Amino acid sequence: MALPLRVSLVSLSVLVATTGAGSGPVFAAAAPAVASGAPRLASPDFAAGGPIPTRFTCKGAGDRPTLKWSGVPAAANSIAIVVIDPDAVNGPFTHWMVYGIPAARSGTISGGDLPAGAHEQTNSAGKVGWKGPCPPDGTGIHHYHFMLYADRGAVTGGTPADTEVQIRKQAIAGATLIGTVAAAQQ
């Protein structure tokens, strides 16, 4: 006998796919809204709305920051994480897209390791994986949107644009964490 699922769905903002400076897909700055009881996304490496440390940028080692989530709905089958810079000079720039993370109410992703089953997609620089923030000199403060999507169905990949559409289409809830990097003054 199937039990009814009671899931509080988070209102998802419409994301518009655009093309950035690179060859990868680009998510618009709008991201899943966070409501009471919705997933939460945080990082021990930087505070929400605060600066991302240099070690995670192109001026440092370019490491990927640790991300921790909680409150993922039980109806989710997988998790996707997308990181964009909507302040990029040539339009939104996708720094990282990973999908197929096994769904769990809470979890962590850090360093170069990915959970079994997770897949990285091509970023806007045309490379697979993480591209550390690197705002051009004189372009002010850039806001990096780390967006978590709790997906109800499988995201099978394909082209970066296909993957983006699948992530958005399967999303039942989400959360956003924003960090900043200030470009050097000219």
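The values are calculated or read from the model by the stated rules, or taken from the named source; none is laboratory data. Please read these numbers as outputs of a predicted model, since none were measured by experiment. Methodologically, a virtual Cβ is constructed for each residue, glycine included, from the backbone with ideal geometry; neighbour enumeration extends over all protein chains shown. Only protein heavy atoms, including side chains, enter the accessible area calculation; ligands, DNA and RNA are left aside. Shrake-Rupley method; radii C 1.70, N 1.55, O 1.52, S 1.80 Å.
Near Ser70, within a Cβ-to-Cβ distance under 13 Å, what is the net charge of the other residues, with Lys and Arg +1 and Asp and Glu -1? Spell out each step's value before the answer.
Values: positive: Arg40, Lys68, Arg105; negative: none.
Neighbourhood net charge equals +3.
Carbon and sulfur atoms: what percent of the 1.4 Å accessible area of the range 86-135 do they account for? Don't skip to the end; give the middle numbers.
On the way: 1060 of 2190 Å².
Percent of accessible area from carbon and sulfur atoms in the range 86-135: 48.
Per residue, how large is the accessible surface of the range 116-185? Use a 1.4 angstrom probe and give square angstrom. Let's see the in-between values first.
Details: 2800 Å² over 70 residues.
Averaged over the residues of the range 116-185, the accessible area is 40 Å².
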Residue list for the range 105-132, given a label point 7 angstrom along the Cα-to-Cβ vector of Asp162 and an amide N cut-off under 19 Å: 118-124, 126-129
